[in-house]
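Inspection log for the structure reproduced underneath, given as C-alpha cells.
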Amino acid sequence: MAIIEQLTKDFLRTKKLPHIWCPGCGNGIVTAALVRAIERADYEQRDVVIVSGIGCSSRAAGYLNFNTLHTTHGRALAFATGLKMARPELILFVIMGDGDCSAIGGNHFIHSARRNIDLNAIVVNNHIYGMTGGQHSPLTPGGKKATTAPRGTLERAFNLLDLARGAGATFGARGNAAQPRQLEQLIARAANHKGFSVVEALSPCPIAYGRRNKLGGAVDMLKDMKENSISMERASRKEQSELEGKTITGVIFAEDIPEYAAEYYNSIGKSIPVRNDG
Amino acid sequence: MPETKPVLMQGNEACAEGAISAGVRFYAGYPITPSTEVAEKMAARLPDIGGVFIQMEDEIASMAAVIGASIGGMRTLTATSGPGFSLKQENIGYAIMAEIPCVIVNVQRMGPSTGVPTAPSQGDVMQARWGTHGDHPVIVFSPASVYETYYLTIAAVNLSQKLRQPVILLLDEVVGHMREKVTIPKDSKLMVEKASDNVPADWKPYDDKGLAPLVPFGFGHYYHVTGLFHDQYGFPTGDPPQVERSLDRIHEKLLKYRDEVVLTNYIGHKEPRVVIITYGCTVRSARAVVKKAYWNNRMPVGLLSLQTLWPFPDKEVREVARKADVIIVPEMNMGQIVGEVERHVKDEAEVVPLNRYDGEMISPDQISELMGRWLS
C-alpha cells in the first residue's frame, strides 16, 4: 500500500484528476500498469518521457508527472523518433489507441519497427474509436458492430503484433486490463528491451464497443478477456485447434538486433550520455 | 572580423549552410524536387559535426520529427516543396500552438497538385499564411538571391528560437537552383547558446506575462506539451477567458517584435511615381528594370522588395503608397500578395497586378512594358 501511495505522489498529476474516461474504461488500469512498470524499472523521473497521440487513451499523458508530449492524431511515433534521435539517453513510452496507431498512424508504426528505434509503444486496443463515439478501427474484429459499421464490419482486423514483427519490431507482447500485474511486467520488459517494442494492451470499452455488440458491462468484458486469454507458455503446449478463439498473452517475440539511435550515434563517433538508473 | 571567402553556391545549398551556421543540428525530411539538395547537403554535413540527419517515411513524419527534436533541445530544419508543404500543415499548426521553434523550407514549384514538376512558381504565398487551420501567427521569409537565402535562413533559425515560433522560408525553384557568389564568414561564431534548464524557479512554459524560454525535456521540469488550448503550465483547458488570452498571446509576440521580423528593402527614386512591390526571384527582374530606368535614366521609379511576406510589411507598403501614383505587383501566380497590398494602400495609389502562371519567370521586358504606360 505504501508503494502505491508513493507512486501517486510522484508519478501522477493528482491535481488533474478525476480523469475524463467513462466508467468501466480500461485506460486507467493500463495507465496504472505503466506507472508501476516505470517504478519497477527504477528510472529517474527526469529521464522518462511520455508521448501520446490523439484519442481516449492518449489523454493519459496529461495525468502522468513526467515530461509529457500529447501530439497529433497518428503521429506520436514520428514525434518520438525526432525526440529520441535528439536525446537518445531518454526513455520514451508512446501511448496510442488502436485507431491512432494502426490506421492514421500505420505508416509511422511500420517504419518505427523497421528502424528498430528504441521506443516503447503501448497500444491500448479497445477495438473501437472511443472519443468520437464508436467507429470501427483496423483492430475491430470482423463482424463486430460500430456506428460506421451498423451491420457489422466486413473488414478484416490486423493482428497488430504480426504486423509489428513483419515490419521489423524486435519485441512484441500482449497483455490485458483484466490481468494488470502481467501487463505491468510486460511493459517493464519492453522498456528494458533495446529496440522497437510493442505492447498491445487489450482494454474494455463498455460504452462505445461493448454495449453495441452486446458484450455486457465492464465486469463481463473483463471476465471474458481473462477467460479467453492464454499465456504464451501454456499455448505452446496446445494444439492449434485448442487455441480457437483464444488470445495469446505474454511476450510473443523478442530478438536482439542493433538499435537505430545507438547505431547512428556510434556511426558519427558521438557518445550517448549515460543515465544513472537502476 | 573573421576571414571570409566568396564561394559559388546554389540557393538550396546556401540554405543548408545557413542553417548549420545558425546552429541547426537536426534535419528530418522526405525527398521532393526542387528541394532535395537541402536534404542532401544536410545528410553529407550533419554527421561530421555531431548532428542528426534522418530521412523519414513521409512529409508528415518529417515535420513531427523536427518538432520532437526541438523539444529535445536541438535546433531543427526541414525542407520540402508544394505537395509536401501541404502534408506538413497540420503539424506546423501544432508547432505554432505548442510554441516549438523550427524552420520549414518550401522551395515552391508550379501547382496546384503535382502541377508542373518542377517549373518555378510563387503560388504558395497564401498557403504559407493560411495553410493550417485556425487563427494563427506566421513568419514567412522569401529570399531573392543565394546570398539572401544564406542570411535569411540564419535569421529564420534565430527568430524561431527567440519567439518560440515556427518560421517558414519560401524559396522558389529559381532561387533554390540558381548558383551565385556568396561570402560566408569563415569559422563563423553564429552559434547561439545551448539549451539548458537554467531558468528561474517560477518558470512556466507558457507564461501569460510573455515569452518564456523553452526548457527541453529531460531536465526535470515536468510540463505538458499539447496542441489543445492550454494553461500556463501546458495543461488542456477549455475555459473561454484562458482560450482567448492564449490566442492573443501567441499573436502579440509577433507584434511586439514586429520590427525584427519584418524585413524589406527599397531602391530607386526618392519621390517615385511608379513603385514595384515584389518578392523572391521576381525581385531579380524588377531590379533589372529599376536599374535601367532609375540609375541610367533617372526616371521616377522604385522597387520595394519584401524579404518578409508575413507578417505583411503594412507600414512599409503604406509609406511608398503615399509617394507613388502607381504600384505594380508582379507575382508568379494569379495574384496573391496583391490583395494584401490593395488592402493597405487603399486609395493612396493605383495598384496594378502583373501575373504570370505558365511556369516561366516574369521577364524585365514584361515589367518595363507595363511601367511605360505611366512614364511616357
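The values are calculated or read from the model by the stated rules, or taken from the named source; none is laboratory data. Being a predicted model, the structure only gives us computed values, none of them experimental. Neighbour counts run over all protein chains shown; Cβ positions are idealised from the backbone, glycine included.
Determine if the stretch B:192-207 includes at least one residue that is touching a helix residue (DSSP H, G or I) at 6+ places or on another chain (Cβ under 9 Å) and more than 20 Å from residue A:67 (Cα to Cα). Yes, the conditions are met somewhere in the stretch B:192-207.
Elements of the type helices (runs of 4 or more DSSP H) sitting completely within the stretch B:245-357 and holding at least 2 residues that are surrounded by fewer than 18 Cβ atoms within 10 Å (Cβ to Cβ) and in contact with a helix residue (DSSP H, G or I) (Cβ under 8 Å, 6 or more places away or on another chain): these cover B:314-323. The set of residues in the stretch A:37-60 that are at the interface with chain B (Cβ under 7 Å from one of its Cβ atoms) and touching a helix residue (DSSP H, G or I) at 6+ places or on another chain (Cβ under 9 Å) contains only A:49.
The residue that is surrounded by the fewest Cβ atoms within 10 Å (Cβ to Cβ), counting only those in the stretch A:147-171 that are farther than 21 Å from residue A:226 by Cβ and touching a Lys or Arg at 6+ places or on another chain (Cβ under 7 Å), is A:152.
Could you tell me which residue of the stretch B:11-31 is farthest from residue B:175 (Cα to Cα), considering only residues that are part of a helix (DSSP H, G or I) and among the hydrophobic types (A, V, I, L, M, F, W, C)? In this case the residue turns out to be B:20.
Note on the stretch B:229-257: among residues that are in contact with a His (Cβ under 7 Å, 6 or more places away or on another chain) and without any contact (Cβ under 8 Å) to a residue 24 or more places away in the chain, the one that is farthest from the other protein chains (Cβ to nearest Cβ) is B:237.
Exactly one residue among A:212, A:189 is at pLDDT 95 or above and over 20 Å from residue A:55 (Cβ atoms), and that residue is A:189.
Among the residues making up the stretch B:133-158, those that are surrounded by 20 or more Cβ atoms within 10 Å (Cβ to Cβ) and among the polar types (S, T, N, Q) are B:142, B:145, B:149, B:153. Go over the candidates A:140, A:170, A:148 one by one and state the one that is farther than 18 Å from residue A:57 by Cβ, touching an Asp or Glu at 6+ places or on another chain (Cβ under 9 Å) and among the β-branched types (Val, Ile, Thr). After ruling out the rest, the residue left standing is A:170.
With respect to residue A:105, determine if the residue is on the phi > 0 side of the Ramachandran plot and at pLDDT 95 or above. Here the answer is no, as residue A:105 does not meet what is asked. Per the listing B:39, B:28, the residue uniquely away from every other protein chain (no Cβ under 12 Å), of a type in the set (A, V, I, L, M), within 21 Å of the chain's Cα centre (by Cα) and within 21 Å of residue B:160 (Cα to Cα) is B:39. Restricting attention to the stretch A:7-35 and to residues that are more than 14 Å from chain B (Cβ to nearest Cβ) and within 17 Å of residue A:51 (Cα to Cα), the residue that is surrounded by the fewest Cβ atoms within 10 Å (Cβ to Cβ) turns out to be A:28. The criterion of at least 1 residues that are within 29 Å of residue A:155 (Cβ to Cβ), out of contact with any Cys (no Cβ under 8 Å at 6 or more places or on another chain) and without any contact (Cβ under 8 Å) to a residue 24 or more places away in the chain is met, among strands (runs of 3 or more DSSP E) falling completely within the stretch A:19-136, by A:67-70. Restricting to the stretch A:99-136, name every residue that is surrounded by fewer than 24 Cβ atoms within 10 Å (Cβ to Cβ), out of contact with any helix residue (DSSP H, G or I) (no Cβ under 8 Å at 6 or more places or on another chain) and among the small types (Gly, Ala, Ser). Selection gives A:103, A:106. Within the stretch A:66-84, the residues that satisfy the criterion of being closer than 14 Å to residue B:57 by Cβ and either in contact with an Asp or Glu (Cβ under 6 Å, 6 or more places away or on another chain) or within 7 Å of chain B (Cβ to nearest Cβ) (or both) are A:74, A:75, A:78, A:79, A:80, A:81, A:82. Criterion applied to B:220, B:210 was being within 14 Å of another protein chain (Cβ to nearest Cβ) and either touching a helix residue (DSSP H, G or I) at 6+ places or on another chain (Cβ under 8 Å) or without any contact (Cβ under 8 Å) to a residue 24 or more places away in the chain (or both), and the one residue passing it is B:220.
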